[in-house]
Amino acid sequence: MNFKIAEKSVSYGNAIKNKSFDFAVRVIKLYKYFKKNEASLDPILKQLLRSGTSIGANVHEAQGAITKKDFINKLQISLKEANETEYWINLLFKTEVLKLEQFDSLEKDCKELIKLLTSILKSLKSNA
């Protein structure tokens with residue numbers, strides 16, 4: 001008797017990779033919006049763009065790390081960039097560029113990335 005068993009392809013995903021990518025998309029959209037409306041803020045917006053997109057880029061790069069040390073290093077860079085991004089978000093809010101609802105949403109997502117990265121790094125370092 002010949003029969004085949006079909007298995008569904010299951011995608012487990014990668015929370016930090018997905019969340020950091022989605023956050024980068026939001027940062028780019030924010031940059032594009034304010035670049036049109038607030039040209040005088042371009043230097044600050046470019047800093048936010050750089051740090052906010054760097055989080056995910058370094059997380060993505062960490063996935064291809066050759067050693068655990070390299071993996072940890074890339075995630076530490078991501079955490080550093082997330083902290084810098086949080087600074088720019090706070091600055092834009094305190095200077096009344098971002099409205100409260102924009103700020104709350106971005107800050108919440110940024111803090112979530114910081115918590116995830118911190119947790120991952122603590123776990124990796126304790127298992128070293």
Read-out Rg/Rh (Cα atoms, Kirkwood Rh), derived from the coordinates shown; its label in (1) 0.94; (2) 1.14; (3) 1.03: (2)
Compute the angle between helix 42-62 and the longest alpha-carbon principal axis of the chain, please, reported from 0 to 90 degrees and rounded to the nearest 10. 10 degrees
Once R0 is set to 25 Å, what does the formula 1/(1 + (r/R0)^6) return for the Cβ-Cβ distance between K115 and Y33, expressed as a FRET efficiency to the nearest 0.05? 0.40
Compute the angle between helix 15-37 and the longest alpha-carbon principal axis of the chain, please, reported from 0 to 90 degrees and rounded to the nearest 10. 30 degrees
Ignoring everything except DSSP H segments at least 4 long, calculate the 222 nm mean residue ellipticity for the chain; use -39,500 (n - 2.57) per segment, divide by total residues, nearest 500. -27000 deg cm²/dmol
For each pair in K80/K111; K17/K115; K17/K122; K80/K115; K29/K69; K29/K94, compute the distance between the two Cα atoms and list the pairs where it is over 23 Å. K29/K69
Under 10 Å from the Cβ of A62, count the other residues' Cβ atoms, weight Lys and Arg +1, Asp and Glu -1, and hand me the total. 0
Taking the Cα atoms only, what angle lies between the long axis of helix 100-126 and the longest principal axis of the chain, rounded to 10 degrees? 40 degrees
Please identify, among A24, A15, A62, the residue showing maximal mean-square fluctuation in a Gaussian network model of the chain using a 10 angstrom Cα cutoff. A15
Neighbour-count order for K17, K122, fewest beta carbons within 10 angstrom listed first: K122, K17
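No lab work stands behind these numbers, since they all come straight from the coordinates. If you're wondering where the values come from, they're calculated on a predicted model, not measured in any experiment. Note that we place each Cβ from the backbone using ideal geometry, even for glycine, and neighbour counts take in every protein chain shown.
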